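S.K.: Okay, handing you the structure first.
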Amino acid sequence: MSEFSESSYAFLTVAQKEFQSTIRTKRFLVFGIIFVLLALIGAYYGNADLARSISPTSGAPNPATQPVNYVISVAYSYSQVILTILALALSYDALTRERSERTLVQLLMRPIRRSTILLGKFVAYLAAAGGLFVGITLVLYIGLSLITQKFPSSSDVGYLFLSMGIILLYVMSFIAIGLLISSLTRTSLDSLLGAVFVWILLLIFTYAGVALGLGAINLSATSEIPYTAFPGYAKILLWINPGSHNVAIQSLAGDFSKLTSGLNYAANVILLVVSIVVPLLPAYYLFKRSDVV
Amino acid sequence: MNAVEVLEVTKRYKKGAVAVDGASFTVEQGAAFGLLGPIGAGKTSIINMLLSFIKPTAGTIKIFDREVATQFHEVQNRIGYLPERPGFYGNFSAEKNLRIFASLSGVREERDERIAKLFTIAGLEGKEKDLVRAYSLGDRKRLGIAAAMLNEPELLILDEPSTGLDPQGRRDIMALIHELNVHDVTLFLATHNVRDIAEICDVLATIQSGRVAAPTTTKGFIATVRGTTVQLEADVANMNERVLQAIKSVKGVKSIECERLKISLDYRPGINEDVNYIITRAGGRLRSMRESPSLEEAYVRMMGEERVE
C-alpha cells in the first residue's frame, strides 16, 4: 500500500476515533445544548420580527423579501459565540489530555506522523461542532420554510451556504487556537487557563481596537462606528480577533464599510483562513518538537 | 545481530539533571535483557530514548542496526512497548481500543482475527466489549501487552511490567512475557523488581544514578558481588580422605563438614560443576545447592556498596 494511502487511512482512523470520543464528552453535550437552545431562541425572536413587519436593517437580509434568511441570521447572532466556545472547549486540551492519559504514547508508538494526529483532531472537532451547526441550521431552514410557506430562491440558498461557510471558517479558527494552546501547555489545567486567557485577550484586542480607533478620529461611541476610518494599528487590533471577520455574512446583505473589520466578504474570508493557518503552523511545529512524555 | 545498541548515551534535562550518564550496552536478538535499577535511576529515560520519545543529549542508539535519531520510522513497526501504566481510551471498549491501534499499526486484513487471538493470549477472553475504564490495573497490563503485540514485534520493551499487580496477576503477566520470549521475541525489561529479572532475563545490566554497568548473566552478576558463597549438600557413599582432599583442592572451597558433606564455596563460574564432578566420581549425589546471596540479596548488597563508595 502506498505511503499516501497509509497516511490517509491513519488520518481517518484518528479523526474517527477523536470524533466518536468527542461527541461522548460532557463538554460537547453541555455547550451543544446551549448552542441549540440559543439558536432556537434566536429563531423564535427572528420569527417574531417577521410578524411585526420590521423595517430592513443594514447588514441583515430583508425580512420582507428573505424571511427565512432573516430568521437564520438572527439565530446566528444569538448562537455563534457559544459555537466558538464549543470549538475551543473541544480542542484546548486535545494534546494535553492524550499526554496525561498516556494515550499519546500509544499513538506515537505506531508509524504515524504527528501532523496526521493534529489534522485528524482538527477535522474531528470541526465535524463535531460544525456538524451540529450545519445540522441545526438546515433543520431551522427547512422548518421555517415550511412554517412560513416561503420557499428559498437560488440566491437565498446561495446566502445560506456562503454564510454557513463563514461560520465554519470562524469555528475552524477557534479549533486552531485551541490546538495551539494544547501544544503550548503540558497539563489540561494549564490548557484550560490558556484558553480562558486567549478568549479574554481577543476581547481586549477588540475593545482596544475600537477605543484606539475612535480616539484617533475624535469620536465617542456611536451606534454606527466608521471602522474604515480607523488608523491601521486600530484595524490590526480588531482583525486579530477572528470574530471581527465572521461578520462577513452581513456583507452579503449590506454595506461592508460598517462591519467590524471594515472589509468586504472576500477579504474577510482570506483573513479567516489566515486566522486558521497562523495558529495551526506553530501548533504543528511545537507538537513535532515536543517530547512525548 | 544486535536488537539494541546503546553507545555512550547521555541524557541531560533542561534543568541540568543528568538522567543517563554515558550508558553503553547491547542486547542480542532473541535475548531476554533486564535493566535493573532503583526507581529514578534512569531506566525510563533510556526506554524513552529507545522509542524516540525523547532525544539523547549525546551518544547513539541503534535498533536493528538503524539509528533511532534518523531512521526510527524504519524499525518502528518491529517494536512493541508496554509502558508502566498503559494508556487507553477509557470510554471505548477494549476491543475498540485495539482496533484503533491495530489500524494505526497498519494491520488491516487480519485485524479482527489477530485481535481475537491476542485477547486469548492475554487472558482477556470475555472482556473484549468491556469499557477500558472498568478494567483493573492487571487487566490493563494484559491489554497493554496485547496492544504491544498487535504488530507482531521482534523487540518488546517492557517498563516495570509487574508494578501494581497482585501476586496472581504478577505471576500471570510474567508467564505471558516469558512465553513471548520463548517465541523469539527479544525482551528489554526495565524494572526495580529483582524477581522479574530473575524469572525472565538471562542477561542483565544494573543502572544506578544514570550509570549503566556492563551487562552480565544473572550468575555472573552474583559472582561480581563480594562475599558470594555457595552451599552444597551431598550424599557420598564412599567418603574417604582422598575425596575430601580432592574437594578441598578445588580453588574457592572454604570449608567442608564431613558428617553430612556440607561444602561451602566462594563463588566463581564453574566451581559447582568442578565439585559436583568429584562427588559424582566418588559415587555421590548432589542433594541441594543454595547460592548465597540470592540475586535479590546480591543486588541489594551491590547497591549498598555503591552508595558507600
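S.K.: Within straight cross-link reach of B:Lys248, meaning Cα distance under 19 Å, which lysines are found once same-chain residues fewer than 8 apart are removed?
M.R.: The reachable lysines, counting only those whose Cα sits under 19 Å from B:Lys248, are B:Lys262.
S.K.: Now for a different question. Hey, can you list the residues from the stretch A:95-122 whose accessible area shrinks by 30 Å² or more with all protein chains present, relative to the chain by itself (probe 1.4 Å, no ligands or nucleic acids)?
M.R.: A:Arg102, A:Thr103, A:Val105, A:Gln106, A:Leu107, A:Met109, A:Arg110, A:Pro111
S.K.: Placing +1 on the Cβ of each Lys and Arg and -1 on the Cβ of each Asp and Glu in the protein assembly as shown, which of B:Ile157, A:Phe161, B:Thr57 has its Cα farthest towards the positive end of the resulting dipole?
M.R.: Looking along the dipole axis, the top candidate is A:Phe161.
S.K.: Positive end of the dipole of the stretch B:1-127, charges at C-beta (+1 Lys, Arg; -1 Asp, Glu), about the Cα centre: which of B:Ala102, B:Phe25, B:Thr120 has its Cα farthest in that direction?
M.R.: Going by the Cα projections, it comes out as B:Ala102.
S.K.: Under the rule a/c < 1.5 gives rounded, and otherwise a/b versus b/c splits prolate from oblate, where does the stretch A:3-289 land using the Cα gyration tensor?
M.R.: oblate
S.K.: Calculated from DSSP H runs of 4 or more alone, at -39500 (n - 2.57) each and per residue, what is the 222 nm mean residue ellipticity of the protein assembly as shown, nearest 500? All intermediate terms of the calculation are to be shown ahead of the outcome.
M.R.: Numbers: 23 runs with 325 residues, N = 602.
Estimated from H runs of four or more residues: -17500 deg cm²/dmol.
S.K.: Sticking with this one: Heavy atoms only, 1.4 Å probe, whole protein assembly: order B:Ile39, A:Ile72 by accessible area, highest first. Don't jump to the answer; show the numbers that get you there.
M.R.: On the way: B:Ile39 135, A:Ile72 5 Å².
Putting B:Ile39, A:Ile72 in descending order of accessible area: B:Ile39, A:Ile72.
S.K.: Between A:Ala229 and A:Phe197, what FRET efficiency follows from the Cβ-Cβ distance if R0 is 45 Å, with the result rounded to 0.05? Intermediate values should be presented prior to the final figure.
M.R.: Numbers: r = 31 Å, r/R0 = 0.70.
About 0.90, to the nearest 0.05.
S.K.: Find the centroid of the Cα atoms in the stretch A:28-94 and in the stretch B:15-81, then give the distance between the two in whole Å.
M.R.: Centre-to-centre distance over Cα atoms comes out at 55 Å.
S.K.: Moving to a separate point now. Can you list which of the DSSP-assigned H helices in chain A have a Cα extent of 18 Å or more along the long axis and an average Kyte-Doolittle score of at least 1.6? Don't jump to the answer; show the numbers that get you there.
M.R.: Details: long enough: A:3-22 (28 Å, -0.36); A:26-51 (38 Å, 1.43); A:67-91 (35 Å, 1.38); A:131-148 (25 Å, 2.17); A:154-184 (45 Å, 1.83); A:188-216 (41 Å, 1.90); A:265-289 (37 Å, 1.50).
For chain A, where a helix must reach 18 Å along its axis and average at least 1.6, the hits are A:131-148, A:154-184, A:188-216.
S.K.: How tilted is helix B:271-281 with respect to the longest principal axis of chain B? Cα atoms for both, answer in degrees (0 to 90, nearest 10).
M.R.: Helix B:271-281 sits roughly 50 degrees off the main axis of chain B.
S.K.: Moving on. With a probe of 1.4 Å, find how much accessible area the stretch A:3-289 has per residue, and write the answer as a whole number in Å². Provide the component values of the computation, followed by the final result.
M.R.: Details: 12770 Å² over 287 residues.
On a per-residue basis, 44 Å².
S.K.: Can you pull out the trypsin sites (Lys or Arg not before Pro) in the stretch B:125-184 whose DSSP state is coil and whose Cβ has at most 10 other Cβ atoms within 10 Å? Present the calculation step by step, with values, prior to reporting the outcome.
M.R.: Working: sites: B:Lys127, B:Lys129, B:Arg133, B:Arg140, B:Lys141, B:Arg142, B:Arg170, B:Arg171; in loops: B:Lys127, B:Lys129.
Of the trypsin sites (Lys or Arg not before Pro), the ones in loops of the stretch B:125-184 whose Cβ has at most 10 other Cβ atoms within 10 Å are B:Lys129.
S.K.: Further, regarding this structure: Note down the relative contact order for chain A as a percent, whole number, built from C-alpha pairs under 8 angstrom at least six residues apart. Walk me through the intermediate numbers first.
M.R.: Values: 404 pairs, mean separation 65.6, N = 293.
About 22 percent, as a whole number.
S.K.: Relative to the Cα centre, what is the charge dipole magnitude of chain B, using +1 at the beta carbon of each Lys and Arg, -1 at the beta carbon of each Asp and Glu, and rounding to the nearest 20 debye? Working shown, then result.
M.R.: Working: 41 positive and 42 negative charges, 129 e Å.
Its charge dipole is roughly 620 debye.
S.K.: What whole number of Å gives the distance from the Cα centroid of the stretch B:186-205 to the Cα centroid of the stretch B:110-148?
M.R.: 24 Å
S.K.: What average count of beta carbons from other chains do you get within 10 Å of the Cβ of residues in A:129-140? The partial results should precede the final answer.
M.R.: On the way: counts 0, 0, 0, 0, 0, 0, 0, 0, 0, 0, 0, 0.
That average works out to 0.
S.K.: Ratio of Rg to Rh for the protein assembly as shown, alpha carbon only, Kirkwood?
M.R.: Numbers: Rg = 34.1 Å, Rh = 28.9 Å.
With Rg and the Kirkwood Rh in hand, the quotient comes to 1.18.
S.K.: OK, next. Which value, in Å² rounded to 10, gives the accessible area of B:Asp112 with a 1.4 Å probe and all protein chains present?
M.R.: Roughly 80 Å² of B:Asp112 is accessible to a 1.4 Å probe.
S.K.: State whether the stretch B:1-69 is rounded, prolate or oblate according to the following rule on the C-alpha gyration tensor (a ≥ b ≥ c being the square roots of its eigenvalues): a/c under 1.5 gives rounded; otherwise a/b larger than b/c gives prolate, and the remaining case gives oblate. Present the calculation step by step, with values, prior to reporting the outcome.
M.R.: Working: a/c = 2.20, a/b = 1.42, b/c = 1.55.
Since a/c reaches 1.5 but b/c is at least a/b, the shape of the stretch B:1-69 is classed as oblate.
S.K.: Same structure, new question: In Å², rounded to the nearest 100, what is the total accessible surface buried by chains B and A against each other with a 1.4 Å probe? Let's see the in-between values first.
M.R.: Values: alone 15800 and 14450 Å², together 27630 Å².
Using a 1.4 Å probe on protein heavy atoms, the buried area is about 2600 Å².
S.K.: Hey, another quick one. For chain B, what's the relative contact order in percent, using C-alpha pairs closer than 8 Å and at least 6 residues apart?
M.R.: Working: 585 pairs, mean separation 60.8, N = 309.
RCO, chain B: 20 percent.
S.K.: Distance between Cα centroids, the stretch A:141-181 to the stretch A:205-245: provide it in whole Å.
M.R.: If we compute the Cα centre of each part, the gap is 26 Å.
S.K.: Compare each residue of the stretch B:85-102 in its chain alone against the assembly with all protein chains, and report those whose accessible area goes down by 30 Å² or more; 1.4 Å probe, heavy atoms.
M.R.: Buried on complex formation: B:Arg85, B:Gly87, B:Tyr89, B:Asn91, B:Phe92, B:Lys96, B:Ile100, B:Phe101.
S.K.: Tell me the GluC sites (Glu not before Pro) within the stretch B:4-109 that lie in a loop according to DSSP and have at most 11 other beta-carbon atoms within 10 Å. Write out the running numbers ahead of the final one.
M.R.: On the way: sites: B:Glu5, B:Glu8, B:Glu28, B:Glu67, B:Glu74, B:Glu84, B:Glu95, B:Glu109; in loops: B:Glu84, B:Glu109.
Passing both the DSSP loop test and the Cβ count: B:Glu109.
S.K.: What does the charge dipole of the protein assembly as shown about its Cα centre add up to, to the nearest 20 debye, if the Cβ of each Lys and Arg holds +1 and the Cβ of each Asp and Glu holds -1?
M.R.: Working: 59 positive and 54 negative charges, 172 e Å.
Roughly 820 debye for the protein assembly as shown.
S.K.: May I ask what percent, to the nearest 5, of DSSP beta bridges between residues of chain B are antiparallel?
M.R.: Values: 35 of 53 bridges.
Once the DSSP bridges in chain B are tallied, antiparallel ones form about 65 percent.
S.K.: Whole percent per 10 Å bin, from 0 to the bin with the longest distance: what is P(r) over all C-alpha pairs of the stretch B:2-224?
M.R.: 8, 34, 36, 19, 3, 0
S.K.: So for the stretch A:3-289, if I pair up every lysine 8 or more residues apart or on another chain, how many of those pairs have alpha-carbons under 22 Å apart? Kindly include the intermediate steps, with their values, before the conclusion.
M.R.: Working: A:Lys17/A:Lys26; A:Lys17/A:Lys121; A:Lys17/A:Lys288; A:Lys26/A:Lys121; A:Lys121/A:Lys288; A:Lys235/A:Lys258.
Within the stretch A:3-289, the lysine pair count is 6.
S.K.: Roughly how many nanometres apart are two label points built 7 Å out from the Cα toward the Cβ at B:Arg108 and B:Arg133?
M.R.: 3.3 nm
S.K.: Can you give the accessible area of B:His178, probe radius 1.4 Å, in Å² rounded to 10?
M.R.: 80 Å²
S.K.: Here is a follow-up. Determine the relative contact order of the stretch A:121-202: mean sequence separation of Cα pairs under 8 Å and six or more apart, normalised by residue count, in whole percent. All intermediate terms of the calculation are to be shown ahead of the outcome.
M.R.: Values: 22 pairs, mean separation 31.3, N = 82.
Rounded, it is 38 percent for the stretch A:121-202.
S.K.: To continue, here is another question. Classify the stretch A:29-173 from the C-alpha gyration tensor, please: rounded if a/c falls under 1.5, else prolate or oblate depending on whether a/b exceeds b/c.
M.R.: Numbers: a/c = 3.34, a/b = 2.60, b/c = 1.28.
Prolate shape, in that a/c is at least 1.5 and a/b is the bigger ratio.
S.K.: Follow-up question, since we're still on this one. Taking R0 as 30 Å, what FRET efficiency do you get between A:Thr57 and A:Ser290 from their Cβ-Cβ distance, rounded to the nearest 0.05?
M.R.: Working: r = 48 Å, r/R0 = 1.61.
The computed FRET efficiency comes out at 0.05.
S.K.: Separate question: Can you give the % of DSSP beta bridges in the protein assembly as shown that are antiparallel, to the nearest 5? The partial results should precede the final answer.
M.R.: Values: 35 of 53 bridges.
Close to 65 percent.
S.K.: Something else now. Taking each residue of B:39-51 in turn, how many C-beta atoms of other protein chains fall within 10 Å of its C-beta, and what is the average?
M.R.: Numbers: counts 0, 0, 0, 0, 0, 1, 1, 0, 1, 4, 0, 0, 5.
The mean count of partner-chain Cβ atoms within 10 Å per residue comes to 1.
S.K.: Might you report the magnitude of the Cβ-based charge dipole of the stretch A:94-162 about its Cα centre, with Lys and Arg at +1 and Asp and Glu at -1, to the nearest 20 debye? Working shown, then result.
M.R.: Details: 8 positive and 3 negative charges, 94 e Å.
Dipole about the Cα centre, nearest 20: 460 debye.
The values are calculated or read from the model by the stated rules, or taken from the named source; none is laboratory data. None of these values were measured; they are calculated from a predicted model. We place every Cβ from the backbone using ideal geometry, glycine too, and count neighbours over all the protein chains shown. Areas reflect the complete protein model, heavy atoms only, side chains present, ligands, DNA and RNA absent. Shrake-Rupley method; radii C 1.70, N 1.55, O 1.52, S 1.80 Å.
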